[in-house]
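To start, the structure itself, in structure tokens.
The values are calculated or read from the model by the stated rules, or taken from the named source; none is laboratory data. Model, not experiment: these values are computed from the prediction. Quick reminder, even Gly has a Cβ in these numbers, built from the backbone with ideal geometry, and neighbours come from all protein chains shown. To get the accessible areas, we keep the full protein, side chains included, count just its heavy atoms, and leave off ligands, DNA and RNA. Shrake-Rupley method; radii C 1.70, N 1.55, O 1.52, S 1.80 Å.
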Amino acid sequence: MPHCPWCWSKPTTTLLSPGCIHGTHIAPPQDLQITDPGLLGSLDIEWKPPPNVQTFSECTVKYRFEYRNAGDRDWKVIFTRKLKFRVGFDLSRTAEVKVQTLLEGRCTDDVEVQSDWIYATFQVPLQGKLESEVQNFRCVYHDWEYLKCTWQPGLLAPRGVHYGLYYWYEGLSHAVQCDDYIQDHDINIGCILQNLSQAEYKDLSICVNGSAAATLLRPLYVTLRLHNLAKPSPPKQLVVSMSASEELHVAWGPPGGETPPQCLEYEVQLAEDLEEAKAAWASVSTQMETALTISRANQSHISCVRVRGRTNIFCADQGFWSEWTQECFSVSRKEDKQLFILIPVILSLSSSLIIFMLIGQCKKR
């Protein structure tokens, strides 16, 4: 099976002098190493304890482990007693890690003593020019059921290019290739991935690799979170009614699919005067409930209500809005209702008056 290109690279390690605070010396960890198990960005970080750790039996030894990609402003921080971690990186940039020893307890008079840092970096040699990388890569997690990713060939991609998408998440033993490609003129321009429920709320590492005769193409590496890419279907069973007190009642049901109902919020919009060339839509609510009552001061001949949904802030950092529901209803004005009642009365009185006049004339004759 062809696989996305990744390379082993010997990490660069820098060792600094041990720290000394309150007369207690603690050295940094030893032999900091970064290795690539071929999981599209998840790298194994490992180190050994400092050489003098056995002399501090009355203290707790911990480590401060920080990592980031080159160019990121902030480091991600982990406090741990472990000696090995697997963390995700963007393989298109250099991975940077650093570790220091933390010592605290009776041997330090309960004051935390920190060693100096030990550093390491890792870089996958990137083949091909940047312009050969695929363009406009985009993924949407439809109804929490399937992930659809699409892309366009790179600017320098030649004819006959072949693209492959590979993915991995925690729980898989190795990177897996897509088995359901979207094609355009026999070129893979997308992929549909099913059965990803085990990957939800985990890092999903993806690589799109291209190959062509006598041409090196730059692979694309991305790390996704499915819940932040979710797009539900439109809400179902929209029902709109008008009460005697001129209040508009709107109710709907959650969309289909596997979208958790408790993870949805909705936006409700109302438009009036659809008979005009353009109707102005106004948002009247964004909420998690599936019903809404709207007080309408100004009645119009026709009004339209539409609703859409997306994943709420309790289940995702972001997400895509669904399409709008498309259901309209007609509401008569209050004065029109009065006129509608008045017209039959007037017609009835007029008919009665005409009949009486005819009867009167007949009697005169």
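Looking at the range 145-155, is at least one residue without any contact (Cβ under 8 Å) to a residue 24 or more places away in the chain, in a strand (DSSP E or B) and surrounded by 13 or more Cβ atoms within 10 Å (Cβ to Cβ)?
Filtering the range 145-155 for residues without any contact (Cβ under 8 Å) to a residue 24 or more places away in the chain gives none.
No; the residues of the range 145-155 include none that is without any contact (Cβ under 8 Å) to a residue 24 or more places away in the chain, in a strand (DSSP E or B) and surrounded by 13 or more Cβ atoms within 10 Å (Cβ to Cβ).
Listed here are the residues, each with its yes/no results for (1) assigned to a strand (DSSP E or B); (2) touching a residue at least 24 places away in the same chain (Cβ under 8 Å); (3) polar (S, T, N, Q); (4) more than 21 Å from Ala316 (Cβ to Cβ).
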{"residue": "Ile182", "(1), (2), (3), (4)": "yes, yes, no, yes"}
{"residue": "Gln198", "(1), (2), (3), (4)": "no, yes, yes, no"}
{"residue": "Cys207", "(1), (2), (3), (4)": "yes, yes, no, yes"}
{"residue": "Tyr221", "(1), (2), (3), (4)": "yes, yes, no, yes"}
{"residue": "Ser233", "(1), (2), (3), (4)": "no, yes, yes, no"}
{"residue": "Gln237", "(1), (2), (3), (4)": "yes, no, yes, yes"}
{"residue": "Ser241", "(1), (2), (3), (4)": "yes, no, yes, yes"}
{"residue": "Ser245", "(1), (2), (3), (4)": "no, no, yes, yes"}
{"residue": "Ala251", "(1), (2), (3), (4)": "yes, yes, no, yes"}
Whichever residue in the range 212-252 is at pLDDT 90 or above and hydroxyl-bearing (Ser, Thr, Tyr) and, among such residues, is surrounded by the most Cβ atoms within 10 Å (Cβ to Cβ): Tyr221
Residue count for the range 150-171, restricted to those that are modelled with pLDDT under 95, of a type in the set (A, V, I, L, M, F, W, C) and either closer than 21 Å to Leu224 by Cα or within 24 Å of the chain's Cα centre (by Cα) (or both): 0
Residues (open to solvent by 40 Å² or more (accessible area, probe 1.4 Å) and either within 24 Å of Arg106 (Cα to Cα) or touching a Leu at 6+ places or on another chain (Cβ under 8 Å) (or both)) located in the range 38-70: Glu46, Lys48, Pro49, Pro51, Asn52, Gln54, Thr55, Ser57, Glu58, Thr60, Lys62, Arg64
Residue tally, condition open to solvent by 40 Å² or more (accessible area, probe 1.4 Å) and touching a Lys or Arg at 6+ places or on another chain (Cβ under 7 Å), over the range 164-191: 1
Residues located in the range 31-53, provided they are modelled with pLDDT of 95 or more and of a type in the set (Ser, Thr, Tyr): Thr35
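Scan the range 77-85 and tell me whether some residue there is more than 20 Å from Pro37 (Cα to Cα), surrounded by 20 or more Cβ atoms within 10 Å (Cβ to Cβ) and not charged (D, E, K, R).
Start the filter on the range 77-85 by keeping residues that are more than 20 Å from Pro37 (Cα to Cα), which leaves 77-81.
Still in the list and also surrounded by 20 or more Cβ atoms within 10 Å (Cβ to Cβ): none.
Within the range 77-85, not a single residue is more than 20 Å from Pro37 (Cα to Cα), surrounded by 20 or more Cβ atoms within 10 Å (Cβ to Cβ) and not charged (D, E, K, R).
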Residues that are crowded, with 19+ Cβ neighbours inside 10 Å and over 25 Å from Leu229 (Cβ atoms), drawn from the range 129-141: Ser132
